[in-house]
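Before any comments, here is the structure.
Here, each number is a calculation from the coordinates, and none is a lab measurement. Since the model is a prediction, treat every value here as computed from it, not as a measurement. With ideal geometry, Cβ positions are generated from the backbone for all residues, glycine too; neighbour counts draw on all protein chains shown.
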Amino acid sequence: MVFNHLYVLTNMPIQRFGSMLVSKGEFEHYMALLKNAYQPQNLESVMCRTLLSVDWRGYVYDCDFNQMLGLPLRLNGQPRVHLRQLTSGDLDGNPIVVKDHCYGCTAGQGSSCGGALS
Ligand code: SF4
């Protein structure tokens, strides 16, 4: 086995890592760290701008992180959208569902599916 690429992702404060932070009383500090490291240029590269995440039933999410949090993609007020409902152009200009965990993507050296951002 040969490793020829290294992808660096920020630990997202969700699920197991988020629970660990909460149990250690470090969640607020970690969130403040991410917010203070906000880099607006990373907004251009976050994966939710170019990719979708699809669960095993075919429902779509703006990204894998949102899928893990149970935050479905929203389109025209629908609570969730199935892949078969989407047609070309449906998502042009469609708002992305964002929450505080998104600071994990926009922080300096934040996350994307392609590794660390700016
Ligand atoms: S966590 Fe937020 S910013 Fe990051 S890819 Fe998902 S929706 Fe976009």
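What the table below lists for this structure:
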| read-out | value |
| --- | --- |
| Matching entry among PHE17, PHE3, PHE65 (being free of Cβ contacts under 8 Å to residues at least 60 places away in the same chain, part of a loop (DSSP other than H, G, I, E, B) and of a type in the set (A, V, I, L, M, F, W, C)) | PHE3 |
| The listed residue being in contact (Cβ under 8 Å) with a residue 40 or more places away in the chain, aliphatic (A, V, I, L, M) and surrounded by 12 or more Cβ atoms within 10 Å (Cβ to Cβ), out of LEU71, LEU86, LEU51 | LEU51 |
| Yes/no for ARG80 being over 22 Å from LEU43 (Cα atoms), touching a Pro at 6+ places or on another chain (Cβ under 9 Å), away from the ligand (no atom under 15 Å from the Cβ) and not β-branched (Val, Ile, Thr) | yes |
| Residue that is farthest from the ligand (Cβ to nearest atom), among those in region 37-62 that are assigned to a helix (DSSP H, G or I) and aliphatic (A, V, I, L, M) | LEU43 |
| Flag if ALA116 is in contact with a Leu (Cβ under 6 Å, 6 or more places away or on another chain), in contact (Cβ under 8 Å) with a residue 40 or more places away in the chain and more than 10 Å from the ligand (Cβ to nearest atom) | no |
| Count of residues meeting criterion [more than 16 Å from the ligand (Cβ to nearest atom) and either closer than 17 Å to SER111 by Cα or outside any loop (DSSP other than H, G, I, E, B) (or both)] in region 20-32 | 8 |
